[in-house]
Amino acid sequence: MTDWTRYSPDEAHSGPDPRLGGGRLTIDLGALADNYRLLVAKAAPAKVAGVVKADAYGLGAAQVGKALWGAGCRTFFVALPDEGIALRRALPDAEIYVLNGLFGPEAAPAYAAHRLIPVLGSQSDISCWEAYGWDGETPRPCAIHVDTGMNRLGLRAEEALAFAQENALTRAVTPKLLMSHLVCGDEPSHPMNQRQVESFQAVRSAFGDIDSSLANSAGMFLGREFAFDLARPGIALYGGAPVSGMANPMKAVVTAEARVVQVRTARRGETISYGGAQRLERDTIVAIASVGYADGYLRSGSSAGVPLRSVVSPGAAGYLGGKRVPVLGRITMDLTSFDVTDLGPHAVTAGDWIELIGNNMPLDEVAKAAGTISYEILTSLGRRYHRRYIGA
Ligand SMILES: *Cc1c(COP(=O)(O)O)cnc(C)c1O
């Protein structure tokens, strides 16, 4: 009899028992650390922070945070104060910035309690931090976000200049970092990039000699003038291509695989999956895998010929037995069909694993097949995979 009590999640394993789950994720913390070191070499002499918002793009902020710390990273960015509190438990000595700002007077004490540094992006954020902020060695430390074109968070340039003048007199808060965010960083020739550098430089001189930060992953590949003092990469750490269309210099960090639960033969002329949307053009060996859109294997990656999207994309594929195996019909919540005919009869059996993302199925191609970006694929992976952390 199998002893199901034998599996207990720990630092290196989480999610369901690997024998009981439909999918497994392998997260290579060694590759992550290598990616960090590559970016450090690229940015030097600027420093490199780690952006670990949204649970490190779905990969596990505690494990990712510790691996980055081990590689020398000392500054981290999260989106929410709640994420900051979780990261603080894993990294007692890290500098942690919260990108989405202060969540009002009710949240402000949590920043002080956990030594989280808010990125202040509006006048009301600034007033709130002046009233509630944390008085340590540095009174009310913060970053100031200046908007240079995104029109999302951040003071307008004229507001930032007015704030800098006033705060130089009152010293009500202590800005430790001035930051802005690129709008078109992954389009190297877009004129917006240069305009943002110039607007940012104009504001920067009003803030004295505090550190400044503009580049995300893509921005790090645009040239020296984008580096400033601190780069803020996220997706490149996790293996995503920093600039679309350019060869990807980053190592794959995530491997996602799905368990084959059944292999069947369908006849030419029959249809497959919901809606009968795909009719088979030949007798087809089909591997049914225990993965679906509930696992972030997005429905928009359903087979070509399935009318789901206005633009026809090639549809997703898996990798098995040295070959790409295309998705057939619609991807459903818990199950996906793959065409394994070309592997030959009896090549695939229940219990085999199909690679969905990994060295043979690059993350950015998986995203493209589903009409989206690598960021959305990673943050959609969900909680049903068994997760294994290697290379720590
Ligand atoms: C998410 C985010 C980043 C990281 O972006 P990547 O494109 O993943 O490198 C950097 N800065 C800000 C403000 C962000 O919101």
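The values are calculated or read from the model by the stated rules, or taken from the named source; none is laboratory data. Predicted, not measured: the structure shown is a model, and the values here were computed from it. Every residue, glycine as well, gets a Cβ built from its backbone with ideal geometry; the counts of neighbours run over all protein chains shown. When the accessible area is computed, the model is the full protein with side chains, heavy atoms only, and any ligands, DNA or RNA have been set aside. Shrake-Rupley method; radii C 1.70, N 1.55, O 1.52, S 1.80 Å.
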* Structure fact -> Quick count over segment 188-210, residues being in contact (Cβ under 8 Å) with a residue 40 or more places away in the chain, surrounded by fewer than 20 Cβ atoms within 10 Å (Cβ to Cβ) and within 16 Å of the ligand (Cβ to nearest atom), is 3
* Asked: Only one of (1) closer than 20 Å to E95 by Cβ; (2) within 23 Å of the chain's Cα centre (by Cα); (3) outside any loop (DSSP other than H, G, I, E, B) is not met by N193, so which one is it?
  -> (1)
* Selection within segment 56-81 - assigned to a helix (DSSP H, G or I), over 14 Å from the mean Cα position of the chain (by Cα) and within 16 Å of the ligand (Cβ to nearest atom) -> L68, P81
* Which of the following residues is at pLDDT 95 or above, away from the ligand (no atom under 14 Å from the Cβ) and basic (K, R): R156, R140? -> R156
* **Top-ranked residue in segment 216-251 [being open to solvent by 40 Å² or more (accessible area, probe 1.4 Å) and within 16 Å of the ligand (Cβ to nearest atom); ranked as farthest from V40 (Cα to Cα)]** => G245
* (1) in contact (Cβ under 8 Å) with a residue 24 or more places away in the chain; (2) outside the structural domain of L222 (by TED's automatic domain parsing): which one isn't true of Y57, the others all being true? -> (2)
* Selected residue (only one of D55, D93, D34, D28 is at positive phi and open to solvent by 40 Å² or more (accessible area, probe 1.4 Å)) -> D55
* Within the bounds of segment 159-175, is there any residue that is under 26 Å from I235 (Cβ atoms), touching a helix residue (DSSP H, G or I) at 6+ places or on another chain (Cβ under 8 Å) and within 16 Å of the ligand (Cβ to nearest atom)? -> no
* Asked: Any residue in segment 191-203 that is of a type in the set (D, E) and either closer than 30 Å to W134 by Cβ or modelled with pLDDT of 95 or more (or both)?
  -> yes
* Could you please tell me which pairs satisfy a Cβ distance under 7 Å, a separation of 6+ or placement on different chains, a first residue in segment 275-286 that is open to solvent by less than 30 Å² (accessible area, probe 1.4 Å), and a second residue that is polar (S, T, N, Q) and outside any strand (DSSP E or B)? => T284/T341
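Among the aliphatic types (A, V, I, L, M), assigned to a helix (DSSP H, G or I) and open to solvent by less than 10 Å² (accessible area, probe 1.4 Å): is that true of L39 in this structure?
Against the criterion (among the aliphatic types (A, V, I, L, M), assigned to a helix (DSSP H, G or I) and open to solvent by less than 10 Å² (accessible area, probe 1.4 Å)), L39 qualifies.
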* **Residues within segment 121-172 that are touching a Gly at 6+ places or on another chain (Cβ under 6 Å) and within 25 Å of Q196 (Cβ to Cβ), tallied** => 7
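Taking segment 9-25 as the region of interest, how many residues are closer than 26 Å to D352 by Cα and open to solvent by 50 Å² or more (accessible area, probe 1.4 Å)?
Summing the residues that are closer than 26 Å to D352 by Cα and open to solvent by 50 Å² or more (accessible area, probe 1.4 Å) in segment 9-25 gives 7.
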* Structure fact -> Over segment 370-379, the set of residues part of a helix (DSSP H, G or I) and open to solvent by 10 Å² or more (accessible area, probe 1.4 Å) is Y375, E376, T379
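Yes/no matrix, rows are residues, columns are (1) in the same structural domain as V173 (by TED's automatic domain parsing); (2) open to solvent by 70 Å² or more (accessible area, probe 1.4 Å); (3) within 16 Å of the ligand (Cβ to nearest atom); (4) within 29 Å of the chain's Cα centre (by Cα):
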site	(1), (2), (3), (4)
V98	yes, no, yes, yes
G101	yes, no, yes, yes
G104	yes, no, no, yes
A108	yes, no, no, yes
L116	yes, no, yes, yes
G121	yes, no, yes, yes
I126	yes, no, no, yes
G133	yes, no, no, no
